[in-house]
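Presented below is the structure to which this report refers.
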Amino acid sequence: LKLTLSGGELFLRDDLFQIIEEARALRYFIRLKTHAGRITREDAQRMKSLGVRQIDVSVYALDASAHDCITRRPGSLKRTLRGIEHMIDAELTVKVRCSVMETNKHHYQTLHAALTARGIECTLDAAIRVANSGSDHVCEDALAPEDHQALEIFKLKSAHRKPASELRL
């Protein structure tokens, strides 16, 4: 069975590792969703020892002004990248998830290229919602149709840059 833990921010919970330990004792595949800005070297090592299989991290740009504008937290990009490095050093599987919107539409290609060059999977998604409530209400920062189309073309072209052995038909 798979268990995905997300938040708010998971690493604000004092009992996070206890939850992970109990889930692993029940033999769950553990996946975490985080901004990674609170992850220490010790946290990364502990996740590795507990068998956490995947950590999805939200990154919006490699440009601090764009990323931090979206998170509304000055210095958040620096903290997030530090957390990612701790997890990579611990040999954890990190996957970056980037929500592409008006604020960062000029940054996603650079982000994608830098991460994939390091072997870190980076997914791009333009579906921006104001809440995870199932609402269809679209955020004011959503891409214009022509920018959404450009993103989808970029994603298709990026998928085809992979070696033929990695392409799925």
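The values are calculated or read from the model by the stated rules, or taken from the named source; none is laboratory data. Quick caveat, the model's predicted, so the values are computed rather than measured. Note that we place each Cβ from the backbone using ideal geometry, even for glycine, and neighbour counts take in every protein chain shown. Keep in mind that these areas ignore ligands, DNA and RNA; they rest on the heavy atoms of the full protein, side chains included. Shrake-Rupley method; radii C 1.70, N 1.55, O 1.52, S 1.80 Å.
Residues in segment 6-28 that are in contact with a Ser or Thr (Cβ under 9 Å, 6 or more places away or on another chain) and either of a type in the set (A, V, I, L, M, F, W, C) or free of Cβ contacts under 8 Å to residues at least 24 places away in the same chain (or both): LEU10, PHE11.
Identification of strands (runs of 3 or more DSSP E) wholly contained in segment 1-118 with 3 or more residues that are surrounded by 15 or more Cβ atoms within 10 Å (Cβ to Cβ) yields 29-34, 54-58, 94-99.
Scanning segment 35-85 for residues that are in contact with a Phe, Trp or Tyr (Cβ under 6 Å, 6 or more places away or on another chain) and under 15 Å from ARG97 (Cα atoms) turns up HIS67, ILE70.
Out of ALA64, ALA44, I need the residue that is within 15 Å of LEU111 (Cβ to Cβ) and among the hydrophobic types (A, V, I, L, M, F, W, C). Which one?
Working: ALA44 fails: within 15 Å of LEU111 (Cβ to Cβ).
Answer to the selection: ALA64.
Pairs meeting the criteria (first residue in segment 75-91 and at positive phi, second residue of a type outside the set (A, V, I, L, M, F, W, C), beta carbons under 8 Å, at least 6 apart or on different chains) are GLY75/ASP68; GLU91/LYS48. Show the residue pairs that are 6+ apart or on different chains and have beta-carbon atoms under 7 Å apart, the first residue being within segment 111-128 and at pLDDT 95 or above, the second being open to solvent by less than 50 Å² (accessible area, probe 1.4 Å) and assigned to a helix (DSSP H, G or I). That search, which allows pairs on different chains as well, returns HIS112/SER158; CYS122/LEU111; CYS122/HIS112; CYS122/LEU115; LEU124/TYR108; LEU124/HIS112; LEU124/LEU151.
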